[in-house]
1. For the range 1-115, list the helices (runs of 4 or more DSSP H) that sit wholly inside it and hold at least 2 residues that are over 21 Å from the mean Cα position of the chain (by Cα) and more than 20 Å from L129 (Cβ to Cβ); which are they?
2. Could you check the range 259-276 and list, in sequence order, the residues that are buried (at least 20 other Cβ atoms within 10 Å of the Cβ) and not in a strand (DSSP E or B)?
3. Can you tell me how many residues in the range 277-322 are buried (at least 20 other Cβ atoms within 10 Å of the Cβ) and among the acidic types (D, E)?
4. Take L160 and tell me if it is in a strand (DSSP E or B) and within 16 Å of the chain's Cα centre (by Cα).
5. For P325, work out the one condition from (1) surrounded by 15 or more Cβ atoms within 10 Å (Cβ to Cβ); (2) touching a helix residue (DSSP H, G or I) at 6+ places or on another chain (Cβ under 7 Å) it doesn't fulfil.
6. May I ask you to verify whether P187 is at pLDDT 90 or above and under 24 Å from A3 (Cα atoms)?
7. Is it fair to say L22 is more than 22 Å from I164 (Cα to Cα), surrounded by 17 or more Cβ atoms within 10 Å (Cβ to Cβ) and in contact with a strand residue (DSSP E or B) (Cβ under 9 Å, 6 or more places away or on another chain)?
8. Do you know which residues across the range 79-135 are without any contact (Cβ under 8 Å) to a residue 24 or more places away in the chain and of a type in the set (S, T, Y)?
Amino acid sequence: MSADRFAPANCPRLVVKIGSALLVDPDGKVRRQWLEGVVADLAARHAAGQKIAVVSSGAIALGARRLGLPKGGRASLEDAQAAAATGQIALSHCWAELLHDRGLTAAQMLVTLDDLEDRRRYLNAASTLDRLLSLGVVPVINENDSVATEEIRFGDNDRLAARIGQAAEAQGVILLSDIDGLYTANPHRDPAAKLVPEVRRIDARIRAMADGGSASGMGSGGMVSKLEAARIAQRSGAHLAIISGKRDHPLAAFDADGVGTVFVGEKQGTARKAWLAGRLTVRGRIAVDAGAATALGQGRSLLAAGAVSVDGRFARGDVVDIVGPDGHAIARGLIEYDAEDAARIVGRRSDALEVILGYAPRSALVHRDHMVLL
């Protein structure tokens with residue numbers, strides 16, 4: 001059964017994500033009785049030896065009620081930041097209290113997009129997570145919405161959960177949702193839609209099934225963000241499940257009946273390449289011709305001769321996407337040149353680069369050791 005992949009024996013470390021629509025009722029209060037059931041499920045897994053991290057939404061919704069802000073605290077960026085700062089205290093207190101009642105210690109981690117996109121800060125966060133989990137603590141993680149802006153934020157906790165899964169070296173990620181998985185069509189509009197129990201590869205057919213709307217209207221992540229989270233998890237070798245959080249004891253229910261959609265993790269490459277593949281921001285794009293796209297698929301480096309154009313402002317060592325002739329990103333890697341020099345040598349053969357640049361060229365625009373295929 002698909003749920004077996006997330007059992008403590010097969011999944012020593014698990015990340016569980018809970019959305020606002022499940023944790024907070026329409027009046028802006030914590031659904032405490034339901035959350036007590038979730039914590040009971042977490043405690044049972046912890047007793048069985050599983051180390052668990054929780055990614056919890058809800059701060060903005062809780063803070064908006066306390067501050068009397070309109071539109072659930074999302075009328076403006078300033079309202080959202082104020083609501084988050086106020087609600088996070090209440091959210092953390094609730095988690096700490098309920099986990100303590102089950103004999104568990106809670107820790108709080110607030111992160112921003114930059115904390116996980118910058119390699120050094122990512123490694124610092126990973127080290128903290130590792131130590132907390134090894135001590136048997138349950139980290140409760142949320143985006144630091146009090147300082148995040150539209151330009152530098154995850155925007156939803158689905159992708160944050162997948163990135164935390166990477167940092168924690170988790171074998172599984174479970175997204176508790178207001179829908180019980182991925183359907184062949186939007187089940188709220190099409191009664192013939194069928195639940196997809198397992199996905200091994202996210203291709204165009206699977207992406208076409210996604211719908212941008214959340215059934216509740218309270219959360220910020222729809223099925224599109226969940227597919228992106230699944231892609232990040234799969235590339236790091238972790239399984240990801242989308243299951244219904246509308247049931248009491250949702251994790252125990254999933255254990256019992258396996259209802260949900262499981263995205264099966266791929267064979268894991270290096271941790272550094274998984275981090276590259278999971279990044280949500282890049283500094284630029286390098287467009288390549290068909291020949292270069294084929295060569296990249298065979299595991300080769302990107303040479304200047306195969307590039308056709310450069311877009312973006314980046315320096316050597318920044319992350320860029322490599323885009324094929326159809327306009328879709330086919331790889332991601334660390335660029336060996338700054339944007340100005342890269343633009344000067346696109347389409348040029350290696351033996352001409354020294355004359356153009358005025359210095360000895362590097363072996364590639366993007367070396368295969370610093371590149372991951374998407």
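The values are calculated or read from the model by the stated rules, or taken from the named source; none is laboratory data. This structure is a prediction, so every number in the text was calculated from the model and none was measured. Every residue, glycine as well, gets a Cβ built from its backbone with ideal geometry; the counts of neighbours run over all protein chains shown.
1. Values: elements: 20-23, 32-47, 59-67, 77-101.
It comes to 32-47, 59-67, 77-101.
2. Step one: filter the range 259-276 for residues buried (at least 20 other Cβ atoms within 10 Å of the Cβ), giving 260-263, 265, 274-276.
The answer is G260, G265, A274, W275, L276.
3. 1
4. Working: in a strand (DSSP E or B): no; within 16 Å of the chain's Cα centre (by Cα): yes.
Criteria not met by L160.
5. The single condition P325 does not satisfy is (1).
6. Details: at pLDDT 90 or above: no; under 24 Å from A3 (Cα atoms): yes.
No: the conditions fail for P187.
7. On the way: more than 22 Å from I164 (Cα to Cα): no; surrounded by 17 or more Cβ atoms within 10 Å (Cβ to Cβ): yes; in contact with a strand residue (DSSP E or B) (Cβ under 9 Å, 6 or more places away or on another chain): yes.
When the stated conditions are applied, L22 does not pass them.
8. Answer for the range 79-135, where residues must be without any contact (Cβ under 8 Å) to a residue 24 or more places away in the chain and of a type in the set (S, T, Y): S127, T128.
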